[in-house]
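Everything on this sheet refers to the single structure shown next.
Values in this text are rule-based calculations from the coordinates and carry no lab data. Computed from a predicted model, the values in this text were never measured in an experiment. Don't worry about glycine lacking a Cβ; one is built from the backbone with ideal geometry, like all the others, and counts go over all protein chains shown.
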Amino acid sequence: MSKVTVFDHPLIQHKLSVMREKDTSSKEFRELVSEIAQLMCYEVTRDLPLEEVEIETPVAKAKVKRIAGKKLAVVPILRAGLGMVDGMLNMIPNAKVGHIGLYRDPETLEPVKYYCKMPTDVAERDIIIVDPMLATGGSAVAAITFMKEYGCSHIKLMCLIGAPEGVEKVQESHPDVDIYIAALDEKLNEHGYIVPGLGDAGDRIFGTK
Ligand code: PRP
Ligand code: URA
């Protein structure tokens, strides 16, 4: 069974609480999504392998640790996942970015794919899928399945808010994929929205409602 990490860091909790407020502007919402993604990236990349290299400081030779050239790809689920990309790239600037376009059919709540563009060597990369919302889990499961079809075998899922239903669905469908979330909320409502959640993440990031 995959590991679920819920972040309890005060900075993340504070920023998320501001995002949840219905009157927070798109500008502030967007900035907060990016800032939280950056903070979460710190923990999500904790297991990156290090290698020892020798350098010279102004004072002496020293053996120091550097990241061992691990190849990473950040894969946002469009649209809302786009809001998390800059925060991730601030921390891991050499990561490549692959895009998956999925929207949730408002009637069936099933994910519908409309776009995909991956780095050519994506199968050799460790993948971090990013999307602010893990609701029914349909979009995340489809995105993970899709990355596996591309040949990717090391995949993590990073979201801001998860519903218990979504976390369970991802764990059942992809027990090898660890899940990182900033909050585990109470439930889904009858429209498949996370309660209390923060509303429609894509609309709030891009100001489309
Ligand atoms: C939202 C969100 C996830 C999905 C989560 O995207 O960003 O991708 O819903 O729901 P699920 O877990 O039930 O699949 P949406 O479909 O609203 O598209 P958007 O990002 O373009 O607004
Ligand atoms: N997608 C969102 O943007 N918000 C939810 O609460 C559920 C799905």
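Scanning the stretch 45-62 for residues that are closer than 19 Å to Ile179 by Cα and loosely packed, with under 10 Cβ neighbours inside 10 Å yields one hit, Arg46.
Given the criteria of a type in the set (Gly, Ala, Ser), within 14 Å of ligand 2 (Cβ to nearest atom) and under 20 Å from Gly98 (Cα atoms), does Ala135 qualify? When the stated conditions are applied, Ala135 does not pass them. Number of residues in the stretch 23-44 that are surrounded by 13 or more Cβ atoms within 10 Å (Cβ to Cβ) and either part of a loop (DSSP other than H, G, I, E, B) or basic (Lys, Arg) (or both) equals 2.
Residues of the stretch 1-22 that are part of a loop (DSSP other than H, G, I, E, B), of a type in the set (D, E, K, R) and under 17 Å from the mean Cα position of the chain (by Cα): Lys3, Asp8. With within 16 Å of ligand 1 (Cβ to nearest atom), out of contact with any Leu (no Cβ under 7 Å at 6 or more places or on another chain), basic (Lys, Arg) and more than 23 Å from Lys169 (Cβ to Cβ) as the only criterion, which of Arg46, Arg79, Arg30, Arg104 stands out? Result: Arg30 is the single residue among Arg46, Arg79, Arg30, Arg104 that is within 16 Å of ligand 1 (Cβ to nearest atom), out of contact with any Leu (no Cβ under 7 Å at 6 or more places or on another chain), basic (Lys, Arg) and more than 23 Å from Lys169 (Cβ to Cβ).
Among the residues of the stretch 45-96, those that are assigned to a strand (DSSP E or B), within 21 Å of Ile144 (Cα to Cα) and not aliphatic (A, V, I, L, M) comprise Pro76, Lys96. Applying the criterion of being away from ligand 2 (no atom under 13 Å from the Cβ) and acidic (Asp, Glu) to the residues of the stretch 161-175, the residue that is farthest from Leu16 (Cα to Cα) is Glu172. Would you check which residues across the stretch 97-112 are surrounded by 14 or more Cβ atoms within 10 Å (Cβ to Cβ) and in a strand (DSSP E or B) and list them? Result: Val97, His99, Ile100, Gly101, Leu102, Tyr103, Arg104, Pro111. Taken across the stretch 176-196, residues that are touching a Ser or Thr at 6+ places or on another chain (Cβ under 8 Å), more than 15 Å from ligand 2 (Cβ to nearest atom) and farther than 14 Å from Val6 by Cα do occur, with at least one present. Cβ-Cβ contacts under 9 Å between residues 6 or more apart (or on different chains), taken from a first residue in the stretch 144-157 that is under 18 Å from Pro132 (Cα atoms) to a second residue that is aromatic (Phe, Trp, Tyr) and surrounded by 17 or more Cβ atoms within 10 Å (Cβ to Cβ), are listed as Lys156/Tyr180; Leu157/Tyr180.
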